[in-house]
Amino acid sequence: MSPVFPTVREVLDLVPVRNGAPRLVAGTAGLDRPVRWVHIAEVPDIATLLGGGELVLTTGIGLPGDDAGLREFIGALADVGVSGLAVELGRRYVSGVPRVMAAAAERRGLPLIELRRGTPFVRITEAVHALIVDAQLTELRATEEIHQRFTELSVEGAEPAEVLRQAAELAGCPMVLENLSRQVLAYDPAGENAELLLDGWERHSRQIRPPGRTAYDPDSGWLVTTVGARGQDWGRLLLRWPATESTPPTRLTILIERAASTLALGRLIRRDAEGLERQIHRTLLTALIDHSRPVDEVALRAKALGVVLDRRHLVGVVVRHRADEPAGDAGTPDDEPAPARRGGRRDTDAEGPEAGPARLRDLAEAVSQAVRDAKLTALTSPLDDQAVGALLALPDPAAEEKALSAFAAALRRVRLDAAPAAPAAPAARPARPLDAPDRPAGRAVASASARPVDAPPRAAIVVAAGSGVGSLREARRSLIEARQVAEAARRDPRDLPCYRLPHVGLAGLLHLLRDEPRLQTFVERELGPLLAYDAQHPREQLLGTLRAYLEQGRNKSAGAAAAHLSRPAFYERLARIGRILDADLDSVDRCLSLHVALLALDAVRTP
């Protein structure tokens with residue numbers, strides 16, 4: 001962008017000036033000074049009437065005749081800050097301006113121009129003023145577009161990356177948003193090399209210290225404004241304007257301040273949501289999973305945020321609650337008394353629609369805190385409505401197991417510290433004898449959720465890790481594997497600090513194969529008639545009855561209690577299920593097949 005006012009160099013290219021055969025005799029260094037106005041003067045004390053930035057035109061007839069007077073005249077013009085002096089030859093000076101005058105102008109860096117042919121000064125004045133007015137109109141239109149553009153962004157609640165993209169587009173200059181620790185939150189290189197722009201950013205940024213909330217630092221070439229609202233500053237927005245050029249035009253100051261206001265407003269609107277740093281983490285993790293950004297760009301942005309991913313051993317970790325519902329953390333759904341359950345699910349109506357997002361935010365905060373407590377480096381962010389992901393960056397593969405153990409331990413400490421004191425547990429009921437009369441002698445499949453009632457409750461969250469990888473291009477595989485393991489481990493009766501692929505057994509295998517058409521065909525073959533029956537009779541839901549029976553190890557009494565049915569009603573339903581599926585529910589092999597089909601159905605239905 002060019003400044004609002006034309007420079008002396010640009011004025012010399014105007015047709016009326018060229019008609020005067022201009023010749024620069026001194027002050028080459030000042031050719032890029034802006035010309036704010038054109039003033040015609042024929043008296044030696046004209047400097048007292050000027051305000052700076054003028055191009056002074058004169059025939060020289062009123063100038064002093066002695067050398068000292070000429071030096072004083074030039075000095076006075078330079079002191080007031082005029083842009084240049086043009087002297088028309090022919091009236092006072094014929095062959096050229098006095099040498100002492102040219103020497104004085106050269107010392108002060110004041111452009112001194114000879115007009116060797118006569119030309120009406122009014123033509124020069126009109127041409128320059130027309131240029132200034134046109135530039136001012138352009139500036140006004142640009143300022144209006146800035147206000148309109150950022151008003152729309154504020155109303156739409158645009159993300160910081162979008163705000164910077166549009167700001168850089170309007171400015172035509174690179175822009176960087178950083179936090180108070182000099183970590184890059186967002187940037188737009190405006191077509192330049194992003195790696196060069198961000199290389200050694202923290203060190204470079206700390207050297208940029210202009211005065212005031214919005215100011216230009218000519219030494220570094222950055223226009224800077226503080227970002228914040230209500231007295232709480234949280235970052236800086238920087239726009240690079242080459243120091244070799246003049247001071248940035250007013251519209252750029254307006255632009256950077258409006259962009260900063262839009263960013264601050266967006267942060268206020270989202271003050272109860274995730275922080276800006278976590279938004280950037282989410283963007284980068286999502287980009288790795290869905291390939292929405294080049295891997296090199298993800299690495300560059302992560303490095304600018306303080307997370308180095310290049311030449312590191314990377315491990316994907318996923319943390320999620322065992323239950324999908326936003327419910328309490330004390331135990332699993334099977335531990336809950338029957339009155340608090342409806343159709344096998346918890347009653348969460350009292351928790352309100354915000355319970356789920358709030359629970360996810362709490363979990364994301366706990367994961368971030370655990371990473372810090374374990375002194376690890378990672379990108380952390382929610383991956384969906386239920387899970388939080390982390391990509392650990394380790395120095396070498398040998399540190400993997402130690403790092404995962406430290407993270408899992410730190411996460412448990414964080415959650416224990418944050419959890420309210422739990423009420424005293426009721427006295428444990430004695431476990432039902434294994435030789436109870438109504439338990440069949442042969443168990444088909446052990447319940448995945450069954451455990452003695454006096455056993456300690458499992459942790460309400462699952463920590464899962466994928467296989468470590470040696471490059472960022474493979475990080476997606478580790479993250480996807482961790483997500484699959486976490487989902488498969490939800491029904492695991494054990495309480496492992498960190499689940500890996502070998503731990504998840506059959507449920508894990510089925511989860512990994514859930515997109516396999518042959519597995520889906522198996523589910524339909526085994527359970528299709530029952531699913532069709534439930535679709536036609538939504539009040540009965542016999543699939544839940546079958547699940548309770550199989551998960552209780554074919555113990556009909558325990559299954560009836562789990563399904564909240566009387567024994568006769570439960571027995572009648574089992575008989576109906578047997579007729580619909582044409583299956584002998586006393587057969588171990590048949591029940592085993594049905595139980596595997598149920599587990600596969602759960603895996604297929606899991607997003």
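The values are calculated or read from the model by the stated rules, or taken from the named source; none is laboratory data. Computed from a predicted structure; not experimentally measured. Quick reminder, even Gly has a Cβ in these numbers, built from the backbone with ideal geometry, and neighbours come from all protein chains shown. In case anyone asks, the SASA skips ligands and DNA or RNA and just uses the protein heavy atoms, side chains included. Shrake-Rupley method; radii C 1.70, N 1.55, O 1.52, S 1.80 Å.
Scanning the stretch 93-107 for residues that are under 24 Å from residue 249 (Cβ atoms) and at pLDDT below 95 turns up nothing. Of all residues in the stretch 358-401, those satisfying the criterion of being touching a strand residue (DSSP E or B) at 6+ places or on another chain (Cβ under 9 Å), under 20 Å from residue 314 (Cβ atoms) and surrounded by fewer than 20 Cβ atoms within 10 Å (Cβ to Cβ) are 377, 394, 395, 396, 397, 398, 399, 400. When the stretch 170-189 is filtered for residues that are over 21 Å from residue 302 (Cβ atoms) and surrounded by 14 or more Cβ atoms within 10 Å (Cβ to Cβ), the ones remaining, listed by number, are 170, 171, 173. Contact map, the stretch 166-179: first residue more than 15 Å from residue 198 (Cα to Cα), second residue in a strand (DSSP E or B) and among the hydroxyl-bearing types (Ser, Thr, Tyr), Cβ cut-off under 9 Å, separation 6 or more or different chains; pairs are 168/187.
Which is in contact with a His (Cβ under 8 Å, 6 or more places away or on another chain) and either at pLDDT 85 or above or not charged (D, E, K, R) (or both), of 380, 283?
Going through 380, 283 in turn, the sole match is 380.
Restricting attention to the stretch 501-546, and to residues there that are charged (D, E, K, R) and in a helix (DSSP H, G or I), which single residue is farthest from residue 468 (Cα to Cα)? Residue satisfying both the conditions and the ranking: 534.
Quick one: which residue in 22, 34, 16, 44 is over 56 Å from the mean Cα position of the chain (by Cα) and open to solvent by 20 Å² or more (accessible area, probe 1.4 Å)? Every option except 44 fails the conditions. The test for being open to solvent by 50 Å² or more (accessible area, probe 1.4 Å), at pLDDT 85 or above and more than 28 Å from the chain's Cα centre (by Cα) does not hold for residue 337. Among the residues of the stretch 302-323, just one is part of a helix (DSSP H, G or I) and open to solvent by 20 Å² or more (accessible area, probe 1.4 Å), namely 303. All conditions but one from (1) surrounded by fewer than 17 Cβ atoms within 10 Å (Cβ to Cβ); (2) at pLDDT below 90 apply to residue 150; the one that does not is (1). With respect to (1) closer than 27 Å to residue 509 by Cβ; (2) in contact with a Phe, Trp or Tyr (Cβ under 6 Å, 6 or more places away or on another chain), the lone exception for residue 588 is condition (2).
Which one of these is open to solvent by less than 30 Å² (accessible area, probe 1.4 Å), charged (D, E, K, R) and more than 30 Å from residue 66 (Cβ to Cβ): 88, 139?
139
Against the conditions (1) surrounded by fewer than 15 Cβ atoms within 10 Å (Cβ to Cβ); (2) in contact (Cβ under 8 Å) with a residue 12 or more places away in the chain, residue 517 satisfies every one except (2). Residues considered: 259, 190. Of these, the only one that is at pLDDT 90 or above, touching a Lys or Arg at 6+ places or on another chain (Cβ under 9 Å), within 21 Å of residue 162 (Cα to Cα) and not in a strand (DSSP E or B) is 190.
This table checks each residue for (1) at pLDDT 80 or above; (2) in contact with a Leu (Cβ under 8 Å, 6 or more places away or on another chain); (3) open to solvent by less than 20 Å² (accessible area, probe 1.4 Å).
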{"site": "473", "(1), (2), (3)": "yes, no, no"}
{"site": "476", "(1), (2), (3)": "yes, yes, no"}
{"site": "505", "(1), (2), (3)": "no, no, no"}
{"site": "508", "(1), (2), (3)": "no, yes, yes"}
{"site": "511", "(1), (2), (3)": "no, no, yes"}
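Going by what's in this entry, would residue 479 be described as part of a helix (DSSP H, G or I) and farther than 25 Å from residue 393 by Cα? Considered against the rule, which asks whether it is part of a helix (DSSP H, G or I) and farther than 25 Å from residue 393 by Cα, residue 479 comes out as no. Taking (1) open to solvent by less than 70 Å² (accessible area, probe 1.4 Å); (2) of a type outside the set (Ser, Thr, Tyr); (3) more than 30 Å from residue 253 (Cβ to Cβ) in turn, residue 166 satisfies each apart from (3). Residue count for the stretch 291-301 under the criterion of being in a loop (DSSP other than H, G, I, E, B) and touching a helix residue (DSSP H, G or I) at 6+ places or on another chain (Cβ under 8 Å): the result is 3. Filtering the stretch 419-432 for residues that are open to solvent by less than 90 Å² (accessible area, probe 1.4 Å), under 28 Å from the mean Cα position of the chain (by Cα) and modelled with pLDDT of 50 or more leaves an empty set.
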